[in-house]
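Reading through the structure tokens given below for one structure.
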Amino acid sequence: MKNDSGLFYVCSLIELIGRMQKRKRSEVVTMLGRTTIDRLYSHADVFHCEPIQKTADEFIARCEIQQGNYDNVAACRYRIPDYWTIGAVYERLIEDICQGKEKKVIDALVEVYLSWMDAAISNYNTDFYYQSRDYIYECYLEGKVL
């Protein structure tokens with residue numbers, strides 16, 4: 001399941017919505033809900049035909065995602081990674097969790113975003129988000145940054 005473009009799109013969209021609404025990514029996942037996330041994933045090939053900002057606006061309105069006060073972009077003291085970069089980090093981790101297991105993608109997505117990884121990946125003042133795929137996966141398995 002490596003390089004799942006639908007998963008990449010959904011993770012990038014979650015990141016963009018979080019930035020636009022100043023919400024933790026775990027909050028975005030909770031507010032979108034499993035059904036909406038599953039729909040986004042199942043139809044990512046259609047949604048990606050529109051600008052991602054337009055899709056983000058539509059789902060912000062549809063799911064009534066209000067403005068929060070979590071601004072990890074403003075708190076960043078270094079170069080800010082774009083939402084595609086962070087989407088790829090989540091995508092790879094979720095793929096690795098599902099690899100060789102019967103775990104469904106949406107279950108793994110929710111599990112990852114609602115775990116401690118949300119804070120670790122969203123802290124752009126560390127080098128965690130650009131560590132190797134294998135390292136991030138091992139940290140996830142251990143439940144802490146190694």
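The orientation-averaged shadow of the Cα convex hull for the chain, equal to a quarter of the hull surface, comes to 8.2 nm².
Computed with a 1.4 Å probe over protein heavy atoms only, the accessible surface of the range 1-46 comes to 44 Å² per residue. Sorting the segments 61-71, 136-146, 80-90, 15-25 by their mean number of nearby beta carbons within 10 angstrom, highest to lowest, gives 15-25, 80-90, 136-146, 61-71. Surface analysis of the range 82-146 yields an accessible area of 47 Å² per residue, using protein heavy atoms and a 1.4 Å probe.
Note down the relative contact order for the chain as a percent, whole number, built from C-alpha pairs under 8 angstrom at least six residues apart.
Numbers: 154 pairs, mean separation 46.1, N = 146.
This gives 32 percent for the chain.
Put simply, when 37-43, 117-123 are sorted by average Cβ atoms within 10 angstrom per residue, most first, you get 117-123, 37-43. 3J(HN,Hα) couplings calculated from phi for the range 52-62 with the Karplus curve 6.51 cos²θ - 1.76 cosθ + 1.60 (θ = phi - 60°) are, in sequence order, 4, 5, 5, 4, 4, 4, 4, 7, 4, 5, 4 Hz; Gly and Pro show x.
Going from the alpha-carbon gyration tensor of the range 103-143, what semi-axes, largest first and in whole Å, does one get by taking the root of 5 times each eigenvalue?
Details: eigenvalues 67, 29, 14 Å².
Output for the range 103-143: semi-axes of 18, 12, 8 Å.
Hey, how much of the P(r) for the range 51-115 falls beyond 13 Å, as a percent of Cα pairs? Write out the running numbers ahead of the final one.
Details: 1558 of 2080 pairs.
Above the 13 Å cut-off, the range 51-115 has 75 percent of its Cα pairs.
Along the charge dipole of the chain, pointing to its positive end and built from +1/-1 on Cβ of Lys, Arg, Asp and Glu, which listed residue (Val73, Leu32, Leu7) has its Cα farthest out? The Cα lying farthest towards the positive end belongs to Val73.
Using a simple spin-label model with pseudo-atoms 7 Å out from Cα toward Cβ, Cys63 and Asp107 lie 2.1 nm apart. Computing FRET efficiency as 1/(1 + (r/R0)^6) for Glu138 and Ala75, where r is the C-beta to C-beta distance and R0 is 22 Å, gives about 0.25. If you roll a 1.4 angstrom probe over the protein chains with everything in place, what fraction of the accessible area of the chain belongs to carbon and sulfur, to the nearest %? The computed percentage sits at 50.
The values are calculated or read from the model by the stated rules, or taken from the named source; none is laboratory data. Everything quoted here is computed from the prediction, not taken from an experiment. No Cβ is skipped: glycine too gets one built from the backbone with ideal geometry, and neighbour counts run over all protein chains shown. Surface accessibility is based on the protein's heavy atoms, side chains included, excluding ligands, DNA and RNA. Shrake-Rupley method; radii C 1.70, N 1.55, O 1.52, S 1.80 Å.
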